[in-house]
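Participant: Here it is: the structure, laid out below.
Each value in this text was obtained by applying a stated rule to the coordinates, not by laboratory testing. No experiment lies behind these values; they were computed from the predicted model shown. So basically every Cβ, Gly included, is an ideal-geometry build from the backbone, and we count neighbours across all protein chains shown.
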Amino acid sequence: MSKIITNSNIKSYSEDILSTAVKLLSKNDLVAFPTETVYGLGADATSDTAVSQIYKLKNRPFINPLITHVSNEEMAYSFCKETQLSNILAKAFWPGPLTIIMEQKKNTSISKLAAANLGSIAVRVPKSKILQDIISKLNKPIAAPSANKSGMVSPTLAEHVFEEFGEKIKLIIDNGQTEKGIESTVVDARSDCPVILRPGPITLEMIQETTNSQAKLNTSSELIESPGQLLKHYSTQKHLIINSTNCSNDCAYLGFKNLMPDNKFNGVSLNLSKKGNLNEAAANLFNMLRTLDKSNAKNIMVAPIPNKGIGVAINDRLKRAAL
Ligand code: TXA
Ligand code: MG
């Protein structure tokens, strides 16, 4: 029997909803909203009470710090120490899907919980107009992880947020499918050479070119600096088998370009991008994984994805999901 879903907390964006969101955030409540990457679960970053609710609701370990979202560089540098590198990266990629790790200034108003008591802090200026409007009207930074339970697949639709939390969140702002579909690139800008801790829509090549440096990717699970990367992540309920070029009938298949099961296959299959476009594949990834996870298949098999550009981020998420 199918479950009846009442999703009265999902609302389209309007001036009234903006006011409601800001009222809720001012009272230390949480609000879910779309960003250009994935849906976020936001709290006033200056309130311990509000930020602690994020960890509680997501069941997130307190050692895994959050990203603080701000309007612009000026707001970022009110609590972060700028470096030559952070300036170059911010000028090139903000507003947009790049999170910059910086040193925190002393005695700021940011909740210690938001950055898990580290000396560093992750900051992003989002392109999303909705989140920009919320930050401006609240006039405070917003701490926001992806709006899913810890370790699960990130949400790219308002309905996904509802599937995760139901009515435990008072407001989920709906703006359809998010543009990028994959979380922001996280880059450490505390030294002269950028280190990418989480690959994302801003690729290694883009960062190398912009900073004229030997920027490198370091997603090693031993990295103390990136506690979030220690964890198995982006999990589906079903077992995920990656880099599969053939598919058994008891499995669901997530294809790419012309890598799809033949006519004899009678299971469920979806194609991340028939054209073989990696941006389209990234935008479809989490939604398609969720859809296949709901099928009757035993396991999910995924086609090999070219490991270049945003494909590196896709493969990073798939690898962690398959652990
Ligand atoms: O696109 C995104 O980044 C979305 C939207 C909502 O902005 N947010 C998001 O947040 O993906 P979350 O919490 O799911 O991922 C944040 C990542 C984690 O891997 C965390 O460990 C890392 O950023 N992080 C946060 N603060 C850090 C810090 N001070 N040093 C190193 N890594 C940090
Ligand atoms: Mg997340």
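Participant: Which residue, chosen from Gly200, Ala313, Gly166, occupies the Cα position most advanced towards the positive end of the dipole of the chain, where the dipole is computed from +1 (Lys, Arg) and -1 (Asp, Glu) charges on Cβ about the Cα centre?
Facilitator: Of the candidates, Gly166 comes out farthest on the positive side.
Participant: What number in nm² do you get for the chain if you take the convex hull of its Cα atoms and divide its surface by four?
Facilitator: 16.3 nm²
Participant: Each residue of the range 306-323 in order: what ³J(HN,Hα) in whole Hz does its phi give by Karplus 6.51 cos²θ - 1.76 cosθ + 1.60, θ = phi - 60°, with x for Gly and Pro?
Facilitator: Result, ordered by residue: x, 8, 9, x, 6, x, 5, 5, 4, 5, 4, 5, 5, 4, 5, 5, 8, 4 Hz.
Participant: Which ordering of Val195, Val161, Val51, Val268 is given by a fewest-first count of other beta-carbon atoms within 10 Å?
Facilitator: Val268, Val195, Val51, Val161
Participant: In nm, give the distance between the simple-model label positions of Gln84 and Ser248, each being 7 Å from the Cα along the Cα-to-Cβ direction.
Facilitator: Output for this residue pair reads 5.7 nm.
Participant: With the crude spin-label approximation of a point 7 Å out along Cα→Cβ, what separation in nm comes out for Glu167 versus Thr291?
Facilitator: 3.0 nm
Participant: Going through the cross-link list Lys58/Lys308; Lys27/Lys81; Lys140/Lys216; Lys129/Lys170, which pairs have a Cα-Cα distance over 25 Å in this structure?
Facilitator: Long pairs (Cα-Cα over 25 Å): Lys58/Lys308; Lys27/Lys81; Lys140/Lys216.
Participant: Run the simple label-point estimate for His239 and Asn266 please: 7 Å along Cα→C-beta, distance reported in nm.
Facilitator: 2.4 nm
Participant: Can you tell me which of Glu209, Glu159, Glu73 moves the most in a GNM of the chain? Springs connect C-alpha atoms under 10 Å apart.
Facilitator: Glu209
Participant: Size of the dipole of the chain about the Cα centre, Lys and Arg at +1 and Asp and Glu at -1 on the beta carbon, nothing else charged, in debye to 20?
Facilitator: The calculated dipole for the chain is roughly 560 debye.
Participant: Give the Cα extents of the range 166-323 along the principal axes, in whole Å, largest first.
Facilitator: The principal-axis extents, from largest down, are 54, 41, 32 Å.
Participant: With θ set to phi - 60°, apply the Karplus curve 6.51 cos²θ - 1.76 cosθ + 1.60 along the range 8-19 and write out the HN-Hα couplings as whole Hz, x wherever there is a Gly or Pro.
Facilitator: Result, ordered by residue: 6, 8, 8, 10, 6, 6, 7, 4, 4, 5, 4, 4 Hz.
Participant: With respect to the cross-link table entries Lys105/Lys137; Lys91/Lys149; Lys238/Lys274, which display a Cα-Cα separation exceeding 28 Å?
Facilitator: Lys91/Lys149
Participant: What Kirkwood radius, in Å to one decimal, follows from the Cα pairs of the range 239-321?
Facilitator: One over the average 1/r among Cα pairs gives 12.5 Å for the range 239-321.
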